[in-house]
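One structure below.
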């Protein structure tokens with residue numbers, strides 16, 4: 001800690017120390033600067049996309065680490081940009097978007113109250129308490145929101161939601177939607193046929209123990225559709 005007292009006066013003084021050994025008698029009016037130093041067992045989390053899944057409180061519904069990193073890469077966060085995270089769950093994508101670059105903003109839409117509570121806890125714990133959390137379902141819950149620079153649809157995917165998000169998206173903005181079910185995949189195929197963009201199939205396998213050996217266990221594949229809104233587009 002650094003205390004600055006009597007600034008600009010003849011008794012101006014700077015006092016430094018740590019809380020454990022602080023015994024200085026400081027003037028009531030002072031400026032205090034605190035530098036937080038990580039302890040030896042502190043968990044340091046980078047700003048690069050792809051935080052460990054256990055960095056978030058969640059109920060199992062979340063965009064997992066590897067897919068989340070690729071999703072953020074497609075969303076392309078830039079300073080000051082606004083993201084809509086539709087069907088946000090525990091908020092992992094919106095939170096990582098805000099952590100990625102300075103002044104990034106995010107609106108998270110989630111219908112379930114328990115998940116909104118988890119999202120708020122995660123946002124506070126991971127340094128982005130300004131995450132704007134909204135109750136609602138898409139596409140109705142998108143009405144009246146500030147126009148986004150990027151949209152991620154992780155839950156509640158439908159053609160109507162994607163079209164409403166695309167219409168609200170600023171020209172040059174990015175839209176990314178992930179699907180794991182056959183029904184959601186059919187929606188993405190229809191959107192790709194109508195709007196174009198890129199379709200990618202993401203598959204991740206992990207190596208858990210198989211008895212005293214190890215083996216590959218695949219996770220459910222994720223179909224990802226992404227596109228950038230043309231500058232001349234108005235809808």
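Computed from the coordinates by the stated procedures, all read-outs in this text should not be read as laboratory data. The structure displayed is predicted, hence computed values, not measured ones. Methodologically, a virtual Cβ is constructed for each residue, glycine included, from the backbone with ideal geometry; neighbour enumeration extends over all protein chains shown.
Suppose R0 equals 25 Å. What FRET efficiency, 1/(1 + (r/R0)^6) with r the Cβ-Cβ distance, do residue 145 and residue 231 give to the nearest 0.05?
With R0 = 25 Å, the Cβ-Cβ based efficiency is 0.70.
With both partners inside the range 53-228, how many of the DSSP beta bridges are antiparallel, as a percent to the nearest 5?
Bridges in the range 53-228 that DSSP calls antiparallel: roughly 45 percent.
List the relative contact order of the chain as a percent without decimals, with contacts defined as Cα pairs under 8 Å and 6+ residues apart.
It comes to 14 percent, rounded to a whole number.
Could you tell me the center-to-center distance, by alpha carbons, between the range 71-143 and the range 195-220 in angstrom?
So the two Cα centres are separated by 26 Å.
To the nearest 10 degrees, how steeply does helix 182-195 sit against the main Cα axis of the chain, on a 0 to 90 scale?
Tilt of helix 182-195: around 90 degrees.
Need one number: nm distance between label points at residue 66 and residue 53, each 7 Å from Cα along Cα→Cβ, rounded to one decimal.
Going by the 7 Å Cα→Cβ label model, 1.1 nm.
Given the Cα-Cα distance of residue 206 and residue 124 and 0.36 nm per residue of separation, how much length would full extension add, in nm?
Result: 26.5 nm gained on full extension.
Using a Förster distance of 30 angstrom, determine the FRET efficiency expected from the C-beta separation of residue 45 and residue 78, and round it to 0.05.
Result of the calculation: an efficiency of 0.90.
With Cα extents along the principal axes in Å in mind, check (i) 45, 41, 38; (ii) 74, 58, 31; (iii) 51, 46, 34 and report the label derived from this structure.
Checking each listed value against the structure points to (ii).
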